[in-house]
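In what follows, a single structure is set out as structure tokens and then discussed.
The values are calculated or read from the model by the stated rules, or taken from the named source; none is laboratory data. Everything numeric here is computed off the predicted structure, so don't read it as measured data. Backbone-built Cβ (ideal geometry, glycine too); neighbour counts: all protein chains shown.
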Amino acid sequence: MNLNPAPQTVRQTIEWLKRLGRPPLPECPIEAAKQGKQPKQPCFLDGRYLKTVDWKTWQDAMPLPEIIDAWFANPRTGVGTLGGFNGQHWLGWVDFDVKVFSSQEECDHTIATWQEQYPILKTTPRFRTPSGGYRFLIAWESEPVEFKANSKFTLEPEGAVMGELLTKNGAHTLLPPTISINGSYYWESWAEYPPITSKPMDVGLYPVKNKQDARASRSRQRLLSKLDWTDVDWARSYLAAIPDSDLHYEDWLRIGMALHSVDDSLLPDWVAWSQTGSKYQEGECEKKWASFTPNGAVGIGTLADLAKQSGWVNPLNSLVSQSEKTKPKPKPRSQLSQPDQDNSKPVSGCPKLEEQRQPVIQLDPGQLNSILSRIEVALGPGDAPRNAIYVQGSHDGFYLSRVLKSTLDNRSQLIEISKDVDTLDFLTPESLQYEFNRRFRFERYDARKEDYKPVDCPRTVASQFLQKGRWPQLPRLTGISYIPLLCKDGTVINQPGYHKPTGILLQFDPDEFPAIPERPTKENAIAALSTLIDWLKEFPFQTKKHRSAALSAVLTAVCRKLLKQAPLHAISATKAGSGKGTLAKGVSILLLDSYAGTIPFTGDSEEFRKKITSFLKSGQPIGLIDNVTGVLGGDVLEMVLTEPFFKDRLLGGNQIPSFSTQTLQLANGNNLRFRPDMTRRTILCVLDSQLENPEHRTFARDFEEFTHTNRGKLVAAALTILKAYIVAGSPDRKQPKLGSFEGWSDLVRSSLTWLGQPDPVETQAEIAAQDDERQTLLALLQSWYDSCMSIPKTAKEVCLGAIQTGRGDLRDVLLEIALDRKGDISPRKLGYYLRSHCRSVISGLRFETAGADRLGTTRWKVTVVPHAPKPSPASPASPAKKAETTQSQADGHAGDRFSSPAFAPNGKSEDTTVQEIDLLSPAPSNNGKTGVRSTSAGDAGDSSSHPTQTVSSEADEAGVSKADLANGHSSYLAVNDSSIAVGSTVNKKGKRGWVGKVTKREGDIAEVLWTGDRYPTRIPVSELKLAA
């Protein structure tokens, strides 16, 4: 027997249950009884109040550590657990109830006999209850389907009731060292993990099937009571069977303790028995007997175990009637109908289904895997794909779904109502039970009738079917399409049904859509484009590129199942009532002949995540983020747009499936604003009616009614454009691909530009121009460079310099991004900002680290990115002017690249204009140095799109070619006085007392650290002379 190391405290028992894979539950039986509640109900003390715990929540889940700590915070709280599945085995507690026995002695004797018959039980965890009962923990390889949550059991077929088997939902037990109103629970034997058997019958546990069996057990109790033995009689019977010759001292001592716990009158029996051994010493038994404590941990059960090991024979066996053991047995498996036989039977109770035949699933013990395999093979699309069970998701999160079919709504005859569409439903164990009961006839063997009888599908079958995780026999579903399907090679699938190569369920009337030419030409595509443009002619698009964005939404809608990712199409209006909602409805009608599923906008990212998950779960092909009032974006929406699958935990469960994101995402709102990362993910369509009350406009036709009526023609036109472009070999892909949306760029975007339409991606420049974060970073880069050039500075030095020297543009930007609660410019906040935007290129400029000072503080500098693409229109350096500049950028006007003047020592601006020369002709010499082109700091246009640099030997070493210079790679300043070099001591011309040292020189601009100043100042070399 394994008596150690059994858990001695509640905390030790909790840790053991965690290792066992079963949830620890709080128990307060004494407090529950005082308050008139069920003593065995899981509950815990919260201050003075007793709170119950719902076992259903924790049947298949492990409580979090903080929950466990809250439950067991009160030291009076005991511990219990639930039987059930731990991920590997089914664990059950075998509860022997002493009340069903005629005496405690009979109960102990029955337990001892059972353990003797099945020696594996001697190694299982076993504890005693305060009433004298026993509870054993046993593990089974498969679910004991013959037993319910709390089923009575016998130790032989058709035998007497011995107790309950606690192994399923709600099967709850208290554990040591819990103290109940009747006494304490204590371990008698313990092991880290229980022995594992195939099924309960392997250890002699049989279910009680009916009341007659229970009556038979009571009859057996009356028969066994004829022996009329007391605990003293049972102890003497056990002792007589144990030889004393070879016993170890500890075993000899435990026998004495067991006899002492039964009755004090058994001392002479122990002495007489000990005298038969060679190790007997006079007076030793009496001495030990006096040291034993009453009600010790060792009882008569220990004596019974030792007796069974020595060959003890139960005297009750001769009293059991042989007739109790001769009951009819179930037919052998070979006599039952085999799985491959046709066991289909008519379905009764439903006239329409009377002639249908359902496959029969026989629920035989130990055949669960075979049953699941038969069910999987029988499921499939068949002739009715809308009735099939489908597999969805990706390799890291497959799940099962069904199609919830739309129903005919008779209200549409009386009122205007949108047409309903099918949705996809995520299958849970409950919904799968319904589907199985609808498709199969389940039967279970009835021993009384010696035949099978119909039953409902057990929840275990449904839950285990879901736990498989892989269903190779079931069809994969990508989504549902309500229009003909366009394939990569230009083929159009115009027949409804399940399309196995793509995994798409096609649901439409093929007669609704006109035939598409086999090889459409560009002329066909132009005619189709005219059809779509005529359809959109009454919308007040701000420019043609915004109309192209609307056309992009239509083309994306009809080929969305072909694309892995597609950008968001946002419809923005300058005024409510401009038609943004109507345009979104038009695209939805083309795709669904109904309205899109609406995703209400919310600024709460967690709430928005739940709404997105619910939408993707439904499988709708189009979604509309309606009435956006805040800034649109966030990590969830960005992931949905750029990833093929989106994983999230479902509400009310622990499943984390992968939902397909192959849906067209639309958004609408007035004057939409976007987060920075949404710029490249969005195509913008702007409606501008230029009216004070656009909702009062009149139209030549009802747009929605026209779209419903001409839906087939419009969808065919969009498919014709895309197919014509594919058939033509996908020409004219001149523009660079759009990152993350390459497939969309190659098909939808390119087909529009192929037909002479503006590039819809050009609308992203408007989104970028409205990006406040980008404009702030650009203003900081420009003002920093104007002030410090490329000299490395710490954040603290820049902040102090901006404050002390009064450099307005730089100070204004720093006040916007680095202002602390005290109203001061914080170098720490500036450092955080620089680290978050390090090496981000804006208009050819970016921040880079440049080592550290002697205190280890990071130095920063602004650098010009070589061969940077021509920048978009830039904003002024001052944040106060950003609104004005943003409007000028939207109108297509270029802003000044460098609007900040150079700073002289006295804080006044100095003219930095030098002569401009031709970059393609040999440069004139000046003091032996090479002269190159430059412009003044205030000039606008492409010539000022990069900061001033020096081109001499440094330019040659950097690899700047003549062609680069001709293409406007950079602007450069001529070198004037070669005698002034870095390290020279200089004076300011015409100024007394101005003495400084040159710290850096770039062309004819020098940086001078004047005496008494903390920071160097940029100044033209022509204003300096060497000091005497």
**OP:** Among the residues of the stretch 986-1018, write down those that are of a type in the set (Ser, Thr, Tyr) and at pLDDT below 80.
**Re:** Thr1011, Tyr1015
Subject >> Selection from the stretch 692-748 of residues that are surrounded by 17 or more Cβ atoms within 10 Å (Cβ to Cβ), outside any helix (DSSP H, G or I) and over 40 Å from the mean Cα position of the chain (by Cα) >> reply: Ala728
Subject >> Leu810 vs. criteria surrounded by 20 or more Cβ atoms within 10 Å (Cβ to Cβ) and either in contact with a Cys (Cβ under 8 Å, 6 or more places away or on another chain) or at positive phi (or both) >> reply: no
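Let's see how each residue does on (1) at pLDDT 85 or above; (2) in contact with a helix residue (DSSP H, G or I) (Cβ under 7 Å, 6 or more places away or on another chain); (3) β-branched (Val, Ile, Thr):
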| position | (1), (2), (3) |
| --- | --- |
| His248 | no, no, no |
| Gly256 | yes, yes, no |
| His260 | yes, yes, no |
| Pro268 | yes, no, no |
| Ala272 | yes, no, no |
| Lys279 | no, no, no |
| Gly283 | yes, no, no |
| Lys288 | yes, yes, no |
Subject >> Residue count, the stretch 761-793 (criterion: of a type outside the set (Val, Ile, Thr) and more than 36 Å from the chain's Cα centre (by Cα)) >> reply: 15
Original post:
What strands (runs of 3 or more DSSP E) completely inside the stretch 489-607 contain at least 2 residues that are modelled with pLDDT under 90 and crowded, with 19+ Cβ neighbours inside 10 Å?
Top reply: 504-506, 597-600
Original post:
Assuming Pro5 fulfils every condition listed in (1) in the same structural domain as Ala171 (by TED's automatic domain parsing); (2) part of a loop (DSSP other than H, G, I, E, B); (3) farther than 17 Å from Ala171 by Cβ; (4) of a type outside the set (A, V, I, L, M, F, W, C) apart from one, which condition is it?
Top reply: (1)
**OP:** Kindly check whether there is at least one residue in the stretch 38-56 that is crowded, with 16+ Cβ neighbours inside 10 Å, outside the structural domain of Arg459 (by TED's automatic domain parsing) and over 36 Å from the mean Cα position of the chain (by Cα).
**Re:** yes
Subject >> Sole exception among (1) surrounded by 15 or more Cβ atoms within 10 Å (Cβ to Cβ); (2) in a helix (DSSP H, G or I); (3) of a type outside the set (Asp, Glu) for Tyr832, by number >> reply: (1)
**OP:** Restrict the check to the stretch 509-520 and report whether at least one residue is in contact with a Phe, Trp or Tyr (Cβ under 8 Å, 6 or more places away or on another chain) and either touching a residue at least 12 places away in the same chain (Cβ under 8 Å) or not assigned by TED's automatic domain parsing to the domain that holds Pro657 (or both).
**Re:** no
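Results for (1) in contact with a helix residue (DSSP H, G or I) (Cβ under 7 Å, 6 or more places away or on another chain); (2) crowded, with 24+ Cβ neighbours inside 10 Å; (3) not assigned by TED's automatic domain parsing to the domain that holds Arg1001; (4) not aliphatic (A, V, I, L, M), shown as yes or no for each residue.
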position: Glu762; (1), (2), (3), (4): yes, no, yes, yes
position: Ala779; (1), (2), (3), (4): yes, yes, yes, no
position: Ser783; (1), (2), (3), (4): yes, yes, yes, yes
position: Ile791; (1), (2), (3), (4): no, no, yes, no
position: Ala795; (1), (2), (3), (4): yes, yes, yes, no
**OP:** Determine the pairs where a residue that is closer than 20 Å to Asp771 by Cβ and among the small types (Gly, Ala, Ser), located within the stretch 632-658, has a partner that is at pLDDT 80 or above and in a strand (DSSP E or B) with Cβ atoms under 6 Å apart, the partner being 6 or more residues away or on another chain.
**Re:** Gly633/Phe674
**OP:** Go through Cys788, Cys799 for me and flag whichever is without any contact (Cβ under 8 Å) to a residue 40 or more places away in the chain and touching a Pro at 6+ places or on another chain (Cβ under 9 Å).
**Re:** Cys799
**OP:** Identify the residue in the stretch 94-141 that is among the small types (Gly, Ala, Ser) and out of contact with any Ser or Thr (no Cβ under 6 Å at 6 or more places or on another chain) and, among all such residues, is surrounded by the fewest Cβ atoms within 10 Å (Cβ to Cβ).
**Re:** Ser131
**OP:** Taking Ala73 as the residue in question, decide whether it is without any contact (Cβ under 8 Å) to a residue 40 or more places away in the chain, in a loop (DSSP other than H, G, I, E, B) and surrounded by fewer than 18 Cβ atoms within 10 Å (Cβ to Cβ).
**Re:** yes
